[in-house]
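What follows is calculated from the coordinates using simple rules that are stated; it is not laboratory data. The model shown is predicted, which means the values in this text are computed figures rather than measured ones. Quick reminder, even Gly has a Cβ in these numbers, built from the backbone with ideal geometry, and neighbours come from all protein chains shown.
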Amino acid sequence: MNLMLNGIEAMKDTGGELTIKSERDENGELLMSITDSGVGLPAEKAHQIFDAFFTTKPQGSGMGLTISRSIIQSHGGRLWAGANAKQGVTFYFTLRASLRPQD
């Protein structure tokens with residue numbers, strides 16, 4: 001939810017499109033992507049976005065992405081981000097996918 005809200009907030013002044021996709025990656029894990037067409041990440045600060053207390057928002061606490069990453073890692077996944085070719089950013093995360101036993 002935090003990743004979606006961040007994307008929506010990044011587009012609040014200009015409008016845009018939020019795209020959420022899910023698929024299986026090459027390892028059979030669930031790969032989710034949340035793409036926005038907002039302001040993007042400052043290239044010189046991109047390596048800091050998951051650091052505790054780092055924020056690019058005037059009212060941000062700098063804890064949302066840190067907590068999101070911690071939750072995803074605690075479930076065996078990983079979280080990362082990349083700048084889009086034109087504008088905006090895409091956040092990706094993986095989670096282990098398991099098959100439910102037959103009832």
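Using Cα springs under 10 Å in a Gaussian network model of the chain, which residue among 43, 81, 52 shows the largest mean-square fluctuation?
The residue with the greatest mean-square fluctuation here is 43.
I want the local charge near residue 72. Using Cβ-Cβ distances under 12 Å, sum +1 for each Lys or Arg and -1 for each Asp or Glu among the other residues.
+2
Tell me the net charge near residue 50. Cut-off is 14 Å between Cβ atoms, residue 50 excluded, with +1 for each Lys or Arg and -1 for each Asp or Glu.
Residues near residue 50 contribute +2 overall.
How would the chain be classified by its alpha-carbon gyration tensor: rounded, prolate or oblate, with rounded meaning a/c under 1.5 and the a/b versus b/c comparison settling the rest? Show your work: numbers first, answer last.
Working: a/c = 2.16, a/b = 1.59, b/c = 1.35.
Prolate, since a/c reaches 1.5 and a/b exceeds b/c.
Springs between alpha-carbon pairs under 10 angstrom, Gaussian network model over the chain: which of 24, 78, 69 fluctuates most?
Comparing 24, 78, 69 in a Gaussian network model of the chain, the most mobile one is 24.
In the chain, what is the count of Lys pairs whose alpha carbons are under 20 Å apart, counting only pairs at least 8 residues apart or on separate chains?
So the count works out to 5.
Please list 3J(HN,Hα) in residue order for region 71-81, calculated via the Karplus relation 6.51 cos²θ - 1.76 cosθ + 1.60 where θ = phi - 60°; whole Hz, with x for glycine and proline.
In residue order, the calculated couplings are 5, 5, 5, 5, 9, x, x, 9, 10, 8, 9 Hz.
Please build a GNM for the chain, connecting alpha carbons under 10 Å apart, and tell me which residue among 51, 13, 36 fluctuates the most.
13
Treat each spin label as a single point 7 Å out from the Cα along the C-beta direction, and report the residue 12 to residue 24 distance in nm.
About 4.0 nm separates the two model spin labels.
Please turn the phi angles of region 25-32 into ³J(HN,Hα) values with the Karplus equation 6.51 cos²θ - 1.76 cosθ + 1.60 (θ = phi - 60°), one per residue in order, whole Hz, x for glycine and proline.
So the J values, rounded to whole Hz, are 7, 5, 9, x, 7, 6, 10, 10.
Rounded, prolate or oblate: which one fits region 38-86, using the alpha carbon gyration tensor with axes a ≥ b ≥ c (rounded when a/c is under 1.5, else prolate when a/b beats b/c, else oblate)?
Working: a/c = 2.31, a/b = 1.30, b/c = 1.78.
Taking the square roots of the gyration eigenvalues as a ≥ b ≥ c, region 38-86 is oblate.
What is the magnitude of the charge dipole of region 17-67 about its Cα centre, with +1 placed on the Cβ of each Lys and Arg, -1 on the Cβ of each Asp and Glu, and no other charges, expressed in debye to the nearest 20? All intermediate terms of the calculation are to be shown ahead of the outcome.
On the way: 4 positive and 8 negative charges, 49 e Å.
Dipole about the Cα centre, nearest 20: 240 debye.
Explain nothing, just the number: relative contact order of the chain, from Cα pairs under 8 Å at least 6 residues apart, as a whole percent.
Contact order relative to length: 28 percent.
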